[in-house]
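> Please see the structure below; I have some questions.
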Amino acid sequence: MAEKLAPEKRHDFIHNGQKVFEWDQSLEEVNMYITLPPNVPPKAFHCKIESKHIEVGIKGNPPYLNHDLSAPVKTDCSFWTLEDDIMHITLQKREKGQTWASPILGQGQLDPYATDLEQKRLMLQRFQEENPGFDFSQAQFTGNCPDPRSFMGGIRSD
């Protein structure tokens with residue numbers, strides 16, 4: 001049932017009319033997907049994840065991405081992999097349930113409507129996680145959605 005509440009599609013991060021990466025999020029993580037350039041050996045790529053900063057590129061060249069993150073991450077649980085010409089970066093949110101409007105601080109923000117939809121989806125993920133015997137995949141919110149981090153005492157840390 002939880003997979004029914006997974007992101008339906010990835011968000012595009014566009015800069016100067018070009019897609020830089022795609023991204024999505026869950027209660028606990030933000031995932032970034034970067035299409036790798038052809039004919040570059042996998043060992044040439046690097047990714048450095050810090051608590052509030054990310055750097056991605058090809059060794060020996062200026063970084064492709066070198067930006068502050070929208071919110072802090074747990075560096076010991078964050079990682080990156082290369083799969084089928086895609087660099088997949090998993091950033092573990094320090095604050096579970098926080099809705100990110102973009103992985104990159106101050107850039108490529110989702111519009112308010114899309115941010116609200118993300119917050120509603122994350123709240124339903126929280127309900128599903130806390131009540132595994134119920135199916136929230138068809139549930140809907142009307143009006144403003146509460147913050148998944150603080151609603152009814154906040155997220156349990158069992």
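The values are calculated or read from the model by the stated rules, or taken from the named source; none is laboratory data. Predicted model only: the values in this text are computed from it and were never measured. Positions of Cβ are backbone-derived with ideal geometry, glycine not excepted, and every protein chain shown enters the neighbour counts. The protein model used for the area step is the full one, side chains on, heavy atoms only, and it has no ligands, DNA or RNA in it. Shrake-Rupley method; radii C 1.70, N 1.55, O 1.52, S 1.80 Å.
Rundown of residues vs (1) in contact (Cβ under 8 Å) with a residue 40 or more places away in the chain; (2) under 17 Å from the mean Cα position of the chain (by Cα), yes/no style:
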residue	(1), (2)
F13	yes, yes
K19	no, yes
I58	no, no
P63	no, no
K74	no, yes
F79	no, yes
T99	yes, yes
D111	no, yes
A114	yes, yes
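> With the structure loaded, tell me whether D84 is open to solvent by less than 40 Å² (accessible area, probe 1.4 Å) and either without any contact (Cβ under 8 Å) to a residue 24 or more places away in the chain or among the hydroxyl-bearing types (S, T, Y) (or both) or whether it fails that test.
On the way: open to solvent by less than 40 Å² (accessible area, probe 1.4 Å): no; either without any contact (Cβ under 8 Å) to a residue 24 or more places away in the chain or among the hydroxyl-bearing types (S, T, Y) (or both): yes.
No; evaluated as a whole, the condition is false for this residue.
> Go through the residues of region 70-88 one by one and say whether even a single one is over 22 Å from I14 (Cβ atoms), touching a strand residue (DSSP E or B) at 6+ places or on another chain (Cβ under 6 Å), modelled with pLDDT of 95 or more and not in a strand (DSSP E or B).
Checking region 70-88: not a single residue is over 22 Å from I14 (Cβ atoms), touching a strand residue (DSSP E or B) at 6+ places or on another chain (Cβ under 6 Å), modelled with pLDDT of 95 or more and not in a strand (DSSP E or B).
Residues checked against (1) open to solvent by less than 80 Å² (accessible area, probe 1.4 Å); (2) under 30 Å from Q138 (Cβ atoms); (3) in a helix (DSSP H, G or I):
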residue	(1), (2), (3)
D24	yes, yes, no
V30	yes, yes, no
I34	yes, no, no
P38	no, no, no
C47	yes, no, no
V56	yes, no, no
H67	yes, no, no
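> Look through region 141-156, keep the residues that are in contact with a Lys or Arg (Cβ under 8 Å, 6 or more places away or on another chain) and part of a loop (DSSP other than H, G, I, E, B), and return whichever of them is most open to solvent (accessible area, probe 1.4 Å). I'd like the intermediate steps shown before the answer.
Residues of region 141-156 in contact with a Lys or Arg (Cβ under 8 Å, 6 or more places away or on another chain): 141, 145, 148-149, 151, 155.
With the extra rule that they be part of a loop (DSSP other than H, G, I, E, B), the set shrinks to 141, 145, 148-149, 155.
Working: F141: 54, C145: 16, P148: 0, R149: 80, I155: 40 Å².
Ranking the candidates gives R149 first.
> Would you be able to tell me the number of residues in region 100-140 that are part of a loop (DSSP other than H, G, I, E, B) and over 21 Å from R10 (Cβ atoms)? Steps first, please.
Of all residues in region 100-140, those part of a loop (DSSP other than H, G, I, E, B) come to 100-103, 105-111, 131-140.
Keeping just the survivors that are over 21 Å from R10 (Cβ atoms) gives 131-136, 138-140.
So the answer is 9.
> Related question: Do you know which residues across region 99-122 are open to solvent by 40 Å² or more (accessible area, probe 1.4 Å) and either under 26 Å from N66 (Cβ atoms) or charged (D, E, K, R) (or both)?
Result: L105, G106, Q107, Q109, D111, D116.
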